[in-house]
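Structure record follows, encoded as structure tokens.
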Amino acid sequence: METAGYLPALRRESAALRGCLAGGAPDAPVPHCPGWTLRDLAGHLGAGHAKAVTAIRARRPAHRSPVPPREQAALLPWFDERCAELLTALDTDPAGPAWTFHPPHTVGFWQRRRCLETLVHRWDAQQAAGDTPGPLDPELAADGVAEVLDTFAPRQVAVGRAAAPPRAVAFEATDTGGSWTYGPGAPVAAVTGRAEELLLMLWRRLPAEDPRLVRKGDAEAADAVLRGPLVP
């Protein structure tokens, strides 16, 4: 995805998530984030935004996370401030240097990361608020699939949370035409579906057995890759 599209998409997804917070149900549980409420989700996202600001401006990891207020009246202004600070910090040359937990060590890494984080959590927030989640932009969702496979899955291996896959599996988006391979050599299996479905499956929002996702080839190899874990 072109980096110029990240900030407009981040603003749009943040506004949709904010609408859920403004709905007055901060204690609503978030189904795919066990133990979390909407307030916790806002705190997680706001803290992640603040850490990204430190990573960009100070070029080092942040060691403390800001704590969101408990009061509903204060939660929205707090969240708005975190979003505004992030957008200001991101509004610069994407090739500029920044601390990151995985290459590339650039501002563009955070433009992509915070946009895609907000995309998935907007879906979470709408579900928690009792709404039917709006569709994920296909281009953004496809980029999210790529991010899981080029950033998170390799990091899971690097930090010892997952083993490197012995055989390669392809992921194919039927709506965008995107195709990504994870693992060594030619793919021995493939998982196909719309980019949104692939992304939600990789982030454990849809089960791997969802009928909208189709598997081809070596089922055992596909299962081994999907067990990963591919994401934290």
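I'm checking my understanding of the structure. Among residues of the stretch 1-39 that are acidic (D, E) and either over 26 Å from T100 (Cα atoms) or at pLDDT below 95 (or both), which one is surrounded by the most Cβ atoms within 10 Å (Cβ to Cβ)?
At the first step, the residues of the stretch 1-39 found to be acidic (D, E) are 2, 13, 27.
Cutting the leftovers down to either over 26 Å from T100 (Cα atoms) or at pLDDT below 95 (or both) gives us 2, 27.
Working: E2: 8, D27: 11.
My answer is D27.
Hey, can you tell me all the residues within the stretch 1-18 that are part of a helix (DSSP H, G or I) and aliphatic (A, V, I, L, M)? Spell out how you get there, then give the answer.
Going residue by residue through the stretch 1-18, those that are part of a helix (DSSP H, G or I) are 3-18.
Residues satisfying the conditions are A4, L7, A9, L10, A15, A16, L17.
Taking the condition more than 30 Å from P207 (Cβ to Cβ) and surrounded by 18 or more Cβ atoms within 10 Å (Cβ to Cβ), does A42 pass? The answer is no for A42.
When the stretch 153-190 is filtered for residues that are surrounded by fewer than 20 Cβ atoms within 10 Å (Cβ to Cβ), part of a helix (DSSP H, G or I) and touching a residue at least 12 places away in the same chain (Cβ under 8 Å), the ones remaining, listed by number, are P154, R155, Q156. Checked against the criteria, A168 counts as in the same structural domain as L202 (by TED's automatic domain parsing) and in contact with a Gly (Cβ under 7 Å, 6 or more places away or on another chain).
Quick one: is L198 surrounded by 19 or more Cβ atoms within 10 Å (Cβ to Cβ), among the aliphatic types (A, V, I, L, M) and within 17 Å of V148 (Cα to Cα)? Spell out the reasoning first.
Details: surrounded by 19 or more Cβ atoms within 10 Å (Cβ to Cβ): yes; among the aliphatic types (A, V, I, L, M): yes; within 17 Å of V148 (Cα to Cα): yes.
When the stated conditions are applied, L198 passes them.
Residues satisfying the criterion are present in the stretch 118-137 (criterion: out of contact with any helix residue (DSSP H, G or I) (no Cβ under 9 Å at 6 or more places or on another chain), outside any helix (DSSP H, G or I) and modelled with pLDDT under 95).
Within the stretch 57-103, restricting attention to residues that are among the acidic types (D, E) and farther than 20 Å from C20 by Cα, the residue that is surrounded by the most Cβ atoms within 10 Å (Cβ to Cβ) is E85. Taking every residue in the stretch 213-232 that is under 18 Å from E197 (Cα atoms) and in contact (Cβ under 8 Å) with a residue 40 or more places away in the chain and pairing it with any residue that is assigned to a strand (DSSP E or B) and of a type in the set (K, R), at least 6 positions away or on another chain, the pairs with Cβ-Cβ distances below 7 Å are A222/R215.
The values are calculated or read from the model by the stated rules, or taken from the named source; none is laboratory data. Here the structure is a predicted model, which is why all the values come from computation and not from measurement. Glycine gets a Cβ as well: all are built from the backbone with ideal geometry, and neighbour counts include every protein chain shown.
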